[in-house]
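This report concerns only the one structure given below.
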Amino acid sequence: MNTFTPRVAESFLLGLERERASASVQSRSFQTLRAVLRAAEQQGATAPGVMKGVIPPRYSPDRVTIPTFEELSRVREHGDAEVKLLVDIMSGCGLRTAEACAVNINNIVADDIYRVAEQISCKSGVRAPLKHRSKGDFREVPLPDKTRQAILHYAENAGTDEHGFLLRTTRGNYWTKSITSLRWKKARESASLPDDLRLYSMRHYFASNCLSNNIPITDVAEWMGHGSIEVTFKTYRFLMPGSIGRAAKILNVGLAS
């Protein structure tokens, strides 16, 4: 640890750039490294100020598009049964698309709790561990009654496979990103929704629903499976009660003539 210098830290970050790691991964890696070195410094294992002068990676999430309740209702009306199920579980539980493709009736561990245990790999179409998690890890999220009823209704009408998975192709394969993209495009066009409204936007709806109802952002970050609360905060801070936008409106009252 005594050989660790700011140059070593910078080389590490440059290596992440060369490997084309995403901005969020770079930011998260920097935070982890900084935390480890601060702990080492406190224990006298390394010299003070090792990270001094090292510029952290910049992470600015893309602007999110959040569907309105009316748009949510329209896609439920015009989408097929599978799209409706994906929309319901993503907007109700905050799952990623690949996680929603692995929706499993056995993951209803209580009337109001859904266990997110796997995802379907976008590349290979096989079951895979969750993002930021090891095999066998899981997270548990709130399960609204309407979402639970949607899962049970689909299972009653379409059935499940021997493992409890709901979404399968006619060949018995798991759903993949390419399948959901085609089905979503058809539903979006049928419902006359904006082109920039993606299936992933339903996950944003979940975050908006939580934060606009004063649910702590720490809980939201955990339920959404973010590797760092910084991701949640930077993406959704405009939805929080103390957001910059709301503050600007409040301050404007005192400036108006």
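Every read-out reported here was derived from the displayed coordinates using simple, explicitly stated rules and does not represent laboratory data. Keep in mind that what you see is a predicted model, and the values were worked out from it rather than measured. Here Cβ is always computed from backbone atoms with ideal geometry, including for glycine, and neighbour counts include all displayed protein chains.
Couplings 3J(HN,Hα) of the stretch 180-195, computed from phi: 5, 5, 5, 5, 5, 4, 5, 5, 4, 5, 5, 8, 6, 9, x, 5 Hz, in residue order, whole Hz [Karplus 6.51 cos²θ - 1.76 cosθ + 1.60, θ = phi - 60°; x for Gly and Pro].
Restricting things to alpha carbons, find the Rg to Rh ratio for the stretch 100-257 using the Kirkwood radius for Rh. Ratio of gyration radius to Kirkwood radius for the stretch 100-257: 1.04.
Peptides 142-151, 114-123, 95-104 ranked from most to least packed by the mean count of surrounding Cβ atoms within 10 Å: 95-104, 114-123, 142-151. Under 27 Å of direct C-alpha separation, and excluding same-chain neighbours fewer than eight residues apart, K186 reaches these lysines: K84, K123, K146, K177.
Can you compute the label reach from R133? Point 7 Å from Cα along the Cβ direction, backbone N cut-off under 17 Å, restricted to the stretch 143-164. Counting only backbone N, you get 143-144, 164. Derived scalar couplings between HN and Hα for the stretch 146-155 equal 5, 6, 4, 5, 5, 5, 5, 5, 5, 4 Hz in order, rounded to whole Hz, by the Karplus curve 6.51 cos²θ - 1.76 cosθ + 1.60 (θ = phi - 60°), x for Gly and Pro. Here each label is just a point 7 Å from Cα along the line to Cβ, and for H163 and D195 those points are 3.8 nm apart.
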